[in-house]
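Structure first, then comments.
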Amino acid sequence: MKKKWIVIGVITVIVLFIGINVWKNLSSSTIKVETATLKEEVMKETVITPGTLKLDKEQYVYLQPEKGEVAEIYVEEGEQVKKNDKLIRYENKQLDLEKQQNELQIRSTALNLENIRKQHQDIDKELEKDKENDMLQQEHDQIKLDQQMTNIELEQANLQKESISSQIEDLIVKSDVDGTVLSVNEETSTQSQMSEQSIIRIGSLDDVVVEGTISEYDTLNISEDQEVILTSDAVPDEEWTGKVSFIGDLPEEKGLGMEQSDSSVLYPIRVTLDEDIKLKPGFKMLIEIVTSEAKVQTLPINAVQQGDDKNYVYVVKGGKATRAEVKIGSVDSEKIEIKDGITKDDKVIVNPSDSITEGMEVTIK
């Protein structure tokens, strides 16, 4: 008999244990969710493109063998220079010889012209005495023509002098910008042919810009003075602001090594910074150009789901999850614009789990 009661007692405990667990499971079937409502925020539409930090005002001076040999370099690395300061002087022996020959030609032509003028004066006096002398008149006309031709020769020689003087002035290479001499490569100056390496590089480390390219389609939405946000992978926690200061009217030319099948057309752009940046020229940047800005109704981006080519959210109504299709607009890394489908009073489930379905009972945390 005792065994019978023991068995009944054990069975009762088991039934109670199972019942409690079933009750717990049923009571916990209501999922707790976090919700959000529509919030009016400023959303920006942007175009993102890579860029490079560069010096704003920069000059490279390359070897020009056609000018002759480099006779003198006037500057040293680290030196401050102003616009029109002398940088390099070339020596051109052939040009010096042409200058000497031109000077002799001018002197010779001037002497010849003076002699013709005297002959002209003498024959004019003779014609005054014998105006009917045809021989004298013919001689006078020839001397007058000779004088005119010699005047032309002298003018040509003087024009040649100006040309030679201009070429001699060009033998002095001057600075195009104010800045610092960043490098001087004297070895390049002794080469007999053009080199890809510059003899002198000048720039201002305090004045930098960011240069990049945009597609032909993006040029339709981008204009000068638009706001720009700049970031760099080298310093991921910082960002800088600037403005679009230049958009090229012509696309960039493709290099010889680029695939000819590439039909993309890229236009150069330049961004001027609003603040100092502690990065060196050459750093890779990410250019984010703000093309439009407006106040819109938003939700956290993880509140919107996608399925069957539609966008939808789950709204809590009467303690149950109700699916609502929404029309979206601009999107960024944190929020998404909601154009239609819900009201500002709707409580939308944020980051809904895969187990949530239409009509499921939910509890707001």
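Tabulated results
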read-out: Area accessible to solvent at Met360, 1.4 Å probe radius, in Å²; value: 50 Å²
read-out: Inverse of mean 1/r across different Cα pairs in segment 70-226, Kirkwood, Å; value: 21.7 Å
read-out: Full-extension gain in nm, Ala71 to Asp170, via 0.36 nm per residue minus C-alpha separation; value: 34.3 nm
read-out: Of Lys295/Lys320; Lys82/Lys280; Lys243/Lys310, pairs whose Cα-Cα distance is over 29 Å; value: Lys295/Lys320; Lys243/Lys310
read-out: Distance between modelled label sites at Glu239 and Glu211, nm, 7 Å Cα→Cβ extension; value: 2.6 nm
read-out: 5 angstrom amide H check on Gln226, placed H, neighbours 5+ away; value: Val244
read-out: R0 of 51 Å, Cβ-Cβ distance Asp85-Leu38: FRET efficiency to nearest 0.05; value: 0.20
read-out: Square roots of 5 times each gyration tensor eigenvalue, C-alpha, segment 101-144, largest first, Å; value: 29, 9, 4
read-out: Accessible solvent surface per residue of the chain, calculated while the other protein chains remain in place, 1.4 angstrom probe, Å²; value: 68 Å²
read-out: Other-chain or far-sequence residues with amide H under 5 Å of Leu266's (modelled H); value: Glu252
read-out: Proximal charge balance of Thr150 [Cβ under 12 Å; K/R count +1, D/E count -1]; value: -2
read-out: 3J(HN,Hα) from dihedral phi, segment 98-106, Karplus parametrisation 6.51/-1.76/1.60, rounded to Hz, x for glycine, proline; value: 5, 5, 5, 4, 5, 4, 5, 5, 5
read-out: Full-extension gain in nm, Ser333 to Thr190, via 0.36 nm per residue minus C-alpha separation; value: 45.9 nm
read-out: Karplus 3J(HN,Hα) series, Hz, for segment 35-40 with 6.51 cos²θ - 1.76 cosθ + 1.60 (x for Gly, Pro); value: 10, 8, 10, 4, 10, 7
read-out: Net charge contributed by nearby residues that have their C-beta within less than 14 Å of Gln59 (K/R +1, D/E -1); value: 0
read-out: Within straight-line cross-link reach of Lys317, aspartates and glutamates at Cα separation under 12 Å, skipping those fewer than 8 residues along the same chain; value: Asp345, Asp346, Glu358, Glu361
read-out: Dimensions in Å of segment 248-365 - Rg and Dmax from alpha carbons; value: 22.5, 67
read-out: Added length on full extension, which subtracts the Cα-Cα distance from 0.36 nm per residue, Asp122 to Leu145; value: 6.7 nm
read-out: Normalised contact order of the chain, rounded percent, pairs of Cα under 8 Å and 6 or more residues apart; value: 27 percent
read-out: Amide H contacts under 5 Å for Phe283, placed H, 5+ residues apart; value: Leu53
read-out: Reachable aspartates and glutamates, given that their alpha-carbon falls under 19 Å from the alpha-carbon of Lys83 and they are not under 8 places away in the same chain; value: Asp56, Glu58, Glu72, Glu169, Asp170, Asp176, Asp178, Asp206, Asp207
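The values are calculated or read from the model by the stated rules, or taken from the named source; none is laboratory data. Keep in mind that what you see is a predicted model, and the values were worked out from it rather than measured. In this analysis, Cβ positions are derived from the backbone assuming ideal geometry, glycine residues included, and neighbour counts consider all displayed protein chains. The area values use the complete protein model at the heavy-atom level, side chains included, leaving out ligands, DNA and RNA. Shrake-Rupley method; radii C 1.70, N 1.55, O 1.52, S 1.80 Å.
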